[in-house]
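Below is one structure; the comments refer to it alone.
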Amino acid sequence: IARAGSACGYHRAVVRLLPLLRFLLTLVAAALPHALAAQSFSDPGFGFGGGLLLSKGRSADGGTAGGELHVRYRLTGSLGIEGRVGVRREAVTDAEGPLLELLEVPVTGTGQLFFLPRGRLQPYLLAGAGLHAVRTRPEGRNPQSDAKTEALFALHAGAGFDVRPSRTSALHLDARWTFLEPSAFGDLEKAGFDVAPGYWSVALGVTFFR
């Protein structure tokens, strides 16, 4: 009889809990789509795209426009990587006139650390390295007479932000400093010219994610 009574009590307790369980399941089912939507702008995946570049060297006579193509992969909500190939030109000058024409094709790899990865606006820090094919041609008062082509390793670092209009697209703006030192700059410094290597670049681009 005691066993029968305890079994009946257990059954009544389960019956009382069933409405609560149904209520909790309903809440989970209702909240799940919102949670997925909150994470959708940081889902891992591949993206590809391109953009416009504006760059300015420390000894350049002004900013120059270029272009870039890139591939991005979002490892997690906060971590991403980017591979980029671009092209840029630079006219190196001092106070008295032109000294050097520079053409560069950088192939770079970059790590990205995103903040606020669940939102449509996602700031990030970036750092990386690349191989830069550089061709320099003497101009004006430059005592060198021959053009030079070389492949150089260089580091870069900067910051930017992504704007996510949709789950499969992103607009991004970033600025980075590249520690590039072509040997032609060293030749000019040895000849007594006041020039300095390195440059800023700003990229405005679009990425489409799969």
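The values are calculated or read from the model by the stated rules, or taken from the named source; none is laboratory data. Here the structure is a predicted model, which is why all the values come from computation and not from measurement. A quick note on method: Cβ atoms are made from the backbone with ideal geometry, for glycine too, and the neighbour counts reach across all protein chains shown. SASA here: full protein model, heavy atoms, side chains in, ligands and nucleic acids out. Shrake-Rupley method; radii C 1.70, N 1.55, O 1.52, S 1.80 Å.
Report, please, the projected area of region 54-206 averaged over directions, based on the convex hull of its C-alpha atoms, in nm². Intermediate values should be presented prior to the final figure.
Details: hull surface 35.0 nm².
Average projection, Cα convex hull of region 54-206: 8.7 nm².
Taking all pairs of distinct Cα atoms, average 1/r, flip it, and tell me the Kirkwood hydrodynamic radius of region 118-210 in Å to one decimal place. Provide the component values of the computation, followed by the final result.
Working: mean 1/r = 0.0630 Å⁻¹.
Result for region 118-210, one decimal place: 15.9 Å.
Residues with amide H under 5 Å of G45's amide H, sequence separation 5 or more or different chain, H placed in the peptide plane at 1.01 Å from N; which?
Sorted by chain and number, the residues that satisfy this are R74.
If you plug each phi of region 98-107 into the Karplus form 6.51 cos²θ - 1.76 cosθ + 1.60 with θ = phi - 60°, what whole-Hz ³J(HN,Hα) values come out, in order, with x for Gly and Pro?
x, 10, 7, 9, 10, 10, 10, 10, x, 10
Assuming R0 = 41 Å, can you tell me the calculated FRET efficiency for the pair L125 and E96, based on Cβ-Cβ distance, to the nearest 0.05? The partial results should precede the final answer.
Working: r = 39 Å, r/R0 = 0.95.
Once the sixth-power term is evaluated, E becomes 0.55.
List, in order, the whole-Hz ³J(HN,Hα) value for each residue of region 135-140 obtained from phi through the Karplus relation with A = 6.51, B = -1.76, C = 1.60 and θ = phi - 60°; use x for Gly and Pro.
With coefficients 6.51, -1.76 and 1.60, one gets 10, 10, 10, x, 9, x Hz.
If you wrap a convex hull around the C-alpha atoms of region 137-184 and split its volume per residue, what is the figure in Å³?
Details: hull volume 6.8 nm³, N = 48.
Convex hull volume per residue, Cα atoms: 142 Å³.
How would you classify region 163-210 from its alpha-carbon gyration tensor, with a ≥ b ≥ c the square roots of the eigenvalues: rounded for a/c under 1.5, else prolate if a/b is greater than b/c, otherwise oblate?
On the way: a/c = 7.38, a/b = 4.39, b/c = 1.68.
Cα axes put region 163-210 in the prolate bin.
P(r) of region 51-109 in 10 Å steps, Cα pairs, percent per bin?
Over region 51-109, the share of Cα pairs per 10 Å bin runs 21, 38, 24, 12, 4, 0 percent.
I'd like the accessible area for H156, computed on protein heavy atoms only with a 1.4 Å probe and all protein chains in place. Round to 10 Å², please.
The accessible area of H156 comes to roughly 10 Å².
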